[in-house]
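The values are calculated or read from the model by the stated rules, or taken from the named source; none is laboratory data. Just so it is clear, the model here is predicted, and its values are computed rather than measured. Heads up, the Cβs are rebuilt from the backbone with ideal geometry, glycines too, and the neighbour counts pull from every protein chain shown.
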2 protein chains.
Amino acid sequence: MLSARALDGLPEVAAGDDLGELIAARVELTAGDVVVVAHKVVSKAEGRVRRLADVVAGERAIALGAACGKDPRHVQVILDETRELLRSERGVLICVTRHGFVCANAGVDTSNTAAGSDTLILLPAEPDASARALRARLRELTGVAPAVVITDSFGRAWRHGQVDVAIGVAGMVALDDWRGRTDSVGLELRATWIALADQLSSAADLARGKDSRQPVVLVRGLGHHVTEADGPGAAALLRPAAEDLFR
Amino acid sequence: MLSARALDGLPEVAAGDDLGELIAARVELTAGDVVVVAHKVVSKAEGRVRRLADVVAGERAIALGAACGKDPRHVQVILDETRELLRSERGVLICVTRHGFVCANAGVDTSNTAAGSDTLILLPAEPDASARALRARLRELTGVAPAVVITDSFGRAWRHGQVDVAIGVAGMVALDDWRGRTDSVGLELRATWIALADQLSSAADLARGKDSRQPVVLVRGLGHHVTEADGPGAAALLRPAAEDLFR
């Protein structure tokens, strides 16, 4: 059986905070656990925030801001996080981030900042490294090395609404590859290439209250997917542009 | 807390079988439960299968089959389920199904058929109606009306691997719309438009063994999302072509 439970009582996180310690103080970890963390607290702990007051918008940001009805300084921050702008229509900037994620506004975010709405939260600079570091810290503090998944909410092509996906992973296979294996009646499996860490991110989000501060979710029942090695991370989930039919 | 548990012991399902009875015999339903069903058993129960031996491929199917290395009769069945073909490259047909779903091969499927690989399984003709009918049957048999979600595994643009998504929903809001509401510090929420039924489908899939027959998963802990009315179904998750930046 799979279970997912959000941790209560996490304080507001600021740059330099020890997220591992905050989590370890609130849960008794056991082998095979998965700790799923909304990226915002990771970004805040890593100081990955920018104040609009510190940003000077360039020409492109000013033009895009005017076209999509956004503060040009906000657009500048998005562009700073963007490797390639795929679409800019109807107030939405669909970006390929420097990490290679395709998402709205390069994952740059405003809400949930006690500091006020002039502070933008970026994605972690290297989310897989952040996941590995948090895993190592939890192992150090508790003796248990849970898998760690760092998430964000992404929109999708073709479907309404957002789902949580994995942007950083350590200690489990992000992409479960059953291709070539056969099913219970000896035929090749259909769903043979499963975005395990994305499904897990979505499952964890269901256990959260969206309007309360529950960035951390403990998932149990997936111990068979938890590995001793940190593994290739969420980078394994990125479809290279050359293989992508929809850019 | 959220929990997801796959039901064991479902027999091979054939046309005319009473899926509600098979499920009700294997689980004690309580108010607020969600029953998540992989579409294949629904399609089989509804007789939504086609034998290749009965199919005559037309010109377009023959040309596409040659180009993508598929049996032209198989391609004909895919085209029969397709409203619009978005891409046909590298052996993959990305289709808009007659329902409006965007997915590979219009959801037409081969594996897990005891009848052999010459039998193709289609998506249910009206998955939301299938979900409503199963819900009504479960209410009739047990006195409890769980939410019912029918799923399929879809690939995504930009990301590797497949995730389970909802193709039919009854008794819960498929798309949870928090737009305009505020979060715990009074700022507008970011993830305000949540594809709840898709996240639920992905969560349920994590509880399944992919190589065993566990099409039905019982999800608990989401009773606050279960509604008396059947609601608008998975149709609410479809992004109209005119609003879609990636077709």
* **Any helices (runs of 4 or more DSSP H) falling wholly within segment B:1-116 and containing at least 3 residues that are not hydrophobic (A, V, I, L, M, F, W, C)** => B:39-45, B:59-68, B:72-80
* **Residue list for segment B:1-13, filter: at pLDDT below 95 and surrounded by 13 or more Cβ atoms within 10 Å (Cβ to Cβ)** => B:10, B:12, B:13
* **Candidates B:93, B:122, B:86, filtered to the one that is more than 19 Å from the chain's Cα centre (by Cα) and surrounded by 15 or more Cβ atoms within 10 Å (Cβ to Cβ)** => B:86
* To do: Output yes when any residue across segment A:144-153 is facing chain B (nearest Cβ under 8 Å), within 30 Å of residue B:236 (Cβ to Cβ), surrounded by 18 or more Cβ atoms within 10 Å (Cβ to Cβ) and at pLDDT 90 or above, and no when none is.
  => yes
* Restricted to segment B:169-194, and to residues that are in contact with a Lys or Arg (Cβ under 8 Å, 6 or more places away or on another chain) and modelled with pLDDT of 95 or more, which residue is surrounded by the fewest Cβ atoms within 10 Å (Cβ to Cβ)? -> B:171
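Just to verify a result, which residue in segment A:200-238, among those that are polar (S, T, N, Q) and either assigned to a loop (DSSP other than H, G, I, E, B) or not assigned by TED's automatic domain parsing to the domain that holds residue A:148 (or both), is surrounded by the fewest Cβ atoms within 10 Å (Cβ to Cβ)?
Here the residue is A:212.
Among B:242, B:197, which is more than 7 Å from chain A (Cβ to nearest Cβ), assigned to a helix (DSSP H, G or I) and at pLDDT below 90?
Every option except B:242 fails the conditions.
Conditions (1) closer than 24 Å to residue B:174 by Cα; (2) surrounded by 16 or more Cβ atoms within 10 Å (Cβ to Cβ); (3) among the β-branched types (Val, Ile, Thr); (4) touching a strand residue (DSSP E or B) at 6+ places or on another chain (Cβ under 7 Å), marked per residue:
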{"position": "B:30", "(1), (2), (3), (4)": "yes, no, yes, no"}
{"position": "B:33", "(1), (2), (3), (4)": "yes, yes, no, yes"}
{"position": "B:38", "(1), (2), (3), (4)": "yes, yes, no, yes"}
{"position": "B:46", "(1), (2), (3), (4)": "yes, yes, no, no"}
{"position": "B:59", "(1), (2), (3), (4)": "no, no, no, no"}
{"position": "B:64", "(1), (2), (3), (4)": "no, yes, no, yes"}
